[in-house]
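The block underneath contains the structure these notes are about, expressed in structure tokens.
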Amino acid sequence: MSSVNLLRGGFRSINSILRPYSTVQSSFNGRNATLAKKNILFVSGQQNQIAQQSRVPLNQYIRAVASVHPHRSPLEHDEKAGLHWSIERYLAVGLLAIIPGSILLETSVTDYLLAAALVVHANWGCRSIIVDYIHGKQLPKIALAVLYSASFLAFVGLCYFNYSDVGLSKAIKKIWSL
Amino acid sequence: MIVNPATRILFRNSKNLTLLKSRTNGYSRTAAEESRLFWEKNDKLKRPMSPHLTIYRLPQPANLSIMHRGTGAAMTAVVFGFGFGSFLWTGKFDKVVEFVRDNVHPHVILTAKIILAFPLCYHALNGVRHLVWDSGRGLKLQTIHKTGYAVVALAFLLSLAIGTL
Ligand code: HEM
Ligand code: HEM
């Protein structure tokens, strides 16, 4: 049955599908592709179900290989961009703790941490906005240069405020006590 | 043209085999190239922007998505503005606060606080929603609608609570 399907190009057994690509692999560009289970796009979306089903349409099998990592591309440049993407997410999670944490703690260390985290997160966020909306050869470069300068200046300003004035957390509390 | 087996099967019946020409390493294009070509083609064909923003009514997820972007950009303006401003009021922040207290009606201040709190509450809550998506969860369309309404409702309540603190 399975060989018939194989010949028709319709179905393959899950074992013959996953093994060669998850373990040996294939070394695209001499690199091993890791098959992240979560990102395999199967019809059911449930790994346990897939294992039980044991048959997967061929087009899904190809997609499983092609989407090894949602943010990974074979080119080295893009592979690092995937790392960058992950760091951006860790920082966003960190902000959830840093914003309320620094307001509660009111220490100078957390004030500087808050300044850095806010500016870096905002910089990355605005960078993706610019990349999305500003096209062309020169314009994006100019816009990004303006953004980086603004971020740098804002960070210096916030540090200066922490150094020479009451600090971010106390400032927020003072505004909120109005 | 060297093409890895998976890509070869993927494009076996495809008329788009020209896609593969730009790379010799077995992959088609990078996302950046893809995006550049997309915009070049749109410009060349003088295509209008899609979706047509004055005609097409955005679905709820798209509205919330652009709100995430809007609140992020607005807060960036506030944070960066405060950063730049700190050179202007060096060591005089208390005086600035007093000036506002003396010159602005309390009701206006209360309203301003709620208006300031809302973008942060919405963006933070919706940011969590984004992070959950990024982990591959909550991506069913019905779920997306439900969490969307939940985030907006919670953001309203939270900003009222924080604003009146
Ligand atoms: C305010 C801080 C930062 C800014 C403005 C910034 C900006 C950038 C930009 C513009 C790129 C090029 C991305 C592209 O080609 O699409 C890049 C790449 C990269 N960044 Fe950052 N970055 C910052 C902080 C960091 C940090 C903290 C890390 C790591 C801990 C990091 C790691 C990387 C890596 C690995 C790449 C290579 C990705 C690639 O080549 O595409 N960056 N960064
Ligand atoms: C606890 C607080 C926050 C969390 C959890 C959070 C989370 C996130 C996440 C996950 C994204 C990426 C959205 C995406 O994938 O498209 C994002 C984007 C962004 N965030 Fe935040 N954020 C927080 C606070 C802030 C603050 C305080 C600012 C401004 C100073 C800010 C500015 C931005 C900007 C400008 C973007 C880019 C928007 C876009 O690309 O559409 N965020 N945020």
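What the table below lists for this structure:
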read-out	value
Among A:LEU95, A:GLY125, A:PHE155 - extreme Cα towards positive end, dipole of region A:79-177, charges at beta-carbon	A:GLY125
Flagged links, alpha-carbon separation over 19 Å, of A:LYS174/B:LYS92; B:LYS113/B:LYS146; B:LYS92/B:LYS113; A:LYS174/B:LYS113; A:LYS170/B:LYS95	B:LYS113/B:LYS146; B:LYS92/B:LYS113
Under Karplus coefficients 6.51, -1.76 and 1.60, residue-wise ³J(HN,Hα) of region A:168-178 in Hz, glycine/proline x	4, 5, 5, 4, 4, 5, 5, 4, 6, 7, 5
Cα-centred dipole magnitude for region B:38-130, charges only on beta-carbon of K, R (+1) and D, E (-1), debye, nearest 20	440 debye
Rough spin-label spacing in nm, given labels placed 7 Å along Cα→Cβ, for B:ALA112 and B:THR164	2.1 nm
Derived scalar couplings ³J(HN,Hα) [region B:135-145; Karplus, 6.51 cos²θ - 1.76 cosθ + 1.60; whole Hz; x for Gly, Pro]	8, x, 10, x, 9, 6, 4, 4, 4, 4, 4
Per-residue mean of C-beta atoms belonging to partner chains within 10 Å, peptide B:72-82	6
Among B:GLY70, B:ALA153, B:GLY136 the positive-end extreme of the charge dipole of region B:58-163 (Cβ point charges)	B:GLY136
Sorted by Cβ density within 10 Å, fewest first, the residues A:SER128, B:SER86, A:SER149	A:SER149, A:SER128, B:SER86
5 angstrom amide H check on A:VAL166, placed H, neighbours 5+ away	B:PHE93
Selection from B:GLY127, B:PHE82, B:LEU116, by position along the positive dipole direction of region B:58-163 (Cβ)	B:GLY127
Region B:34-59 versus region B:110-160: alpha-carbon centroid distance in Å	28 Å
Lys, Arg +1 and Asp, Glu -1 on Cβ, resulting dipole of region A:79-177 about Cα centre, debye, nearest 20	160 debye
Förster-model FRET efficiency, 51 Å R0, B:TYR56 and B:VAL100, C-beta, rounded to 0.05	0.75
Cα shape, region B:88-156, gyration tensor, a/c 1.5 rule	oblate
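Every read-out reported here was derived from the displayed coordinates using simple, explicitly stated rules and does not represent laboratory data. Please read all numbers here as calculations on a predicted model, not as lab measurements. Virtual Cβ from ideal backbone geometry, glycine too; neighbours counted across all protein chains shown.
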